[in-house]
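Read the structure below first, then the notes.
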Amino acid sequence: MIPTPEAPAPRSAAAPAAAARGGAGSFHTLWNELAPIGRHADSGGYRRYAWTGADADCRAWFRAQAESRGLTYEVDRNGNQWAWLGDPLAGDAVVTGSHLDSVPDGGAFDGPLGVVSSFAALDELRSRGAAFSRPLAITNFGDEEGARFGLACVGSRLAAGQLTKEKAYELRDGDGVSLPEAMERAGYDPETIGADPERLARIGAFVELHVEQGRALDLSGDRVGIASAIWPHGRWRFDFHGEANHAGTTRLVDRRDPMLTYAATVLAARQEAALAGAVATFGKISVEPNGVNAIPSLVRGWLDSRAADQATLDTVVTAVEKAAREHADRDGIDLAVVRESFTPVVEFEHALRDELNRILGGSVPVLGTGAGHDAGILSAAVPTAMLFVRNPTGVSHSPREFAAEDDCVAGVLALADVLEGLACR
Ligand code: GLV
Ligand code: MN
Ligand code: MN
C-alpha cells in the first residue's frame, strides 16, 4: 500500500500554535517529542533501522508534523516521505530535509537534526509572515545509513536511479530478510520502487541541514557552515575462508585460521590509510561458527574507506586488498573481496552554495566532509547544498554525538533565512 497524496492544503495554512512559537520554541518542542523514539535504554544510542518499528514510529511522527501544519503529506514510490506547502506538481520547488534512521547506537543528531530543523524553519517563516513564491517541501529520505541492508542512501539512490529495483531486491539484512519483504511487512509496496525522475524534476533546489561530523566549526568558532564537497567513499566486503577446528587440540602449524588474516588486514588498512592521508575502517565483522573454543571457518569483515580524491581512495583500497591476499596465501586462507557500494566525489553546485553564503551574510565557512548524505546522491540530479551545525566534540555515529541547543537554533534560523531567500523572492 503506497499512501497517495492527500487533498492539498491551502498554501497559507499556518498551524497557529507551531507558527506562534517561531523557530526556537518550535525546535525545542519538536526535538523533545522525537528524542525518545528508538533510543536504547542501556547504550543511550538510537536503533532506528529501516522498516522496523522504531522507523515506523519516526515516520508516524513525521506525518503528524506535516498534517498538524496543514501540509500535503505523501510517500513516494520508494518510501520517502514528503510534506508540501504549495502545489507539489508546480515545479521549481525548494526542498529541505534529511533522514530519521540511524546507525547501530547512533547519536540523536545525525539526520533528525535536519528534519526537525526543517519543520522549525517553516514555523519560523510563518511567524515572520513569509509569503512563498515557490512550493516548499520537507522530506525524510528512507534508509540513509544502510545499517540494516548494508547499502547507504537507499531511498535517494533509488529515486535518483543510482540503485535499480533488481539490485535493491537482492539486499538482505543480517537475518536474511530481503528489502522488499521488509518494506511489505512495514506496509509499503516494494513493487513500485525505482527511478523517480518526474519527482526529482519538480525540485529546483534541495538544501539538507546536518550536524557537522568533525570539529571544523568548533575550531573556527562558527555555529553554522556550508558544505563544499563530499569525499568519495565505499564499502568492501572481505570474506576470509579458513577451516573450523578445535581450539585446544589443533597445533598452531596445522591451522588455517582466517581471524589471523583478518587481523593482519585491519593493520594494513590502518597503515595504508595513514600513508595516503585517507581513512579506512573495519567496523563490522561476522564470524562463523563464532564459538569461543573453535577456530573460525569464516571471518567476514567490511571495509569502509574514504579519501579526498578518487586516485587516493583507489590506492588505499588496492593496497589493502594486496596485503590481504599476501597474508591469505601465507595463512592458507581463501579470500573473496566484493565492492558492495561506492559513491564518487560530490562537489556541491557552486552557484547555489554562493547563493546560500550571500543570503547568510557572505562570511559563512565552507567545508568538505568525509560523511555521505542524501544531498550527495541527489546532487547528480538537482541543484543541491548543505548547511552544517557545529558539533563541539566532532563525535558522530555514537551516543555521545552532541550539538548545543543554541547552535541548533542558529541552524534553524540560518535554514529559515535560506528558505526565505530561495522560496520567497
Ligand atoms: C553516513 O553517515 C556515512 O557517511 O556513512
Ligand atoms: Mn550518518
Ligand atoms: Mn546523516
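Residue-wise test of (1) within 16 Å of ligand 3 (Cβ to nearest atom); (2) within 21 Å of V345 (Cβ to Cβ); (3) not in a strand (DSSP E or B).
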| site | (1), (2), (3) |
| --- | --- |
| Y188 | no, no, yes |
| D222 | no, no, yes |
| G225 | yes, yes, no |
| R237 | no, no, no |
| T249 | no, no, yes |
| T265 | no, no, yes |
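The residues listed here are S133, S156; of these, the one that is touching a residue at least 12 places away in the same chain (Cβ under 8 Å) and within 16 Å of ligand 1 (Cβ to nearest atom) is S156. Yes or no: D92 acidic (D, E) and away from ligand 1 (no atom under 16 Å from the Cβ)? Judged against the criteria, D92 is a match. Only one entry in V409, V389 is buried (at least 17 other Cβ atoms within 10 Å of the Cβ), under 11 Å from V211 (Cβ atoms) and at pLDDT 95 or above, namely V389. Taken over region 367-381, the criterion of being more than 12 Å from ligand 1 (Cβ to nearest atom) and either closer than 27 Å to G44 by Cβ or in contact with a helix residue (DSSP H, G or I) (Cβ under 6 Å, 6 or more places away or on another chain) (or both) is satisfied by L367, L378, A381. Taken across region 96-103, residues that are away from ligand 2 (no atom under 16 Å from the Cβ) and touching a strand residue (DSSP E or B) at 6+ places or on another chain (Cβ under 9 Å) do occur, with at least one present.
The set of residues in region 21-51 being more than 30 Å from D417 (Cα to Cα) and among the small types (G, A, S) consists of G38, A41, S43, G44, G45, A50. Filtered by the rule that a residue be over 20 Å from R353 (Cα atoms) and out of contact with any strand residue (DSSP E or B) (no Cβ under 8 Å at 6 or more places or on another chain), region 397-425 gives R400, F402, A404, E405, D406, V409. For region 189-206, the condition holds for at least one residue, the condition being that it is buried (at least 20 other Cβ atoms within 10 Å of the Cβ), at pLDDT 95 or above and within 17 Å of the chain's Cα centre (by Cα).
The values are calculated or read from the model by the stated rules, or taken from the named source; none is laboratory data. Please read these numbers as outputs of a predicted model, since none were measured by experiment. Every residue, glycine as well, gets a Cβ built from its backbone with ideal geometry; the counts of neighbours run over all protein chains shown.
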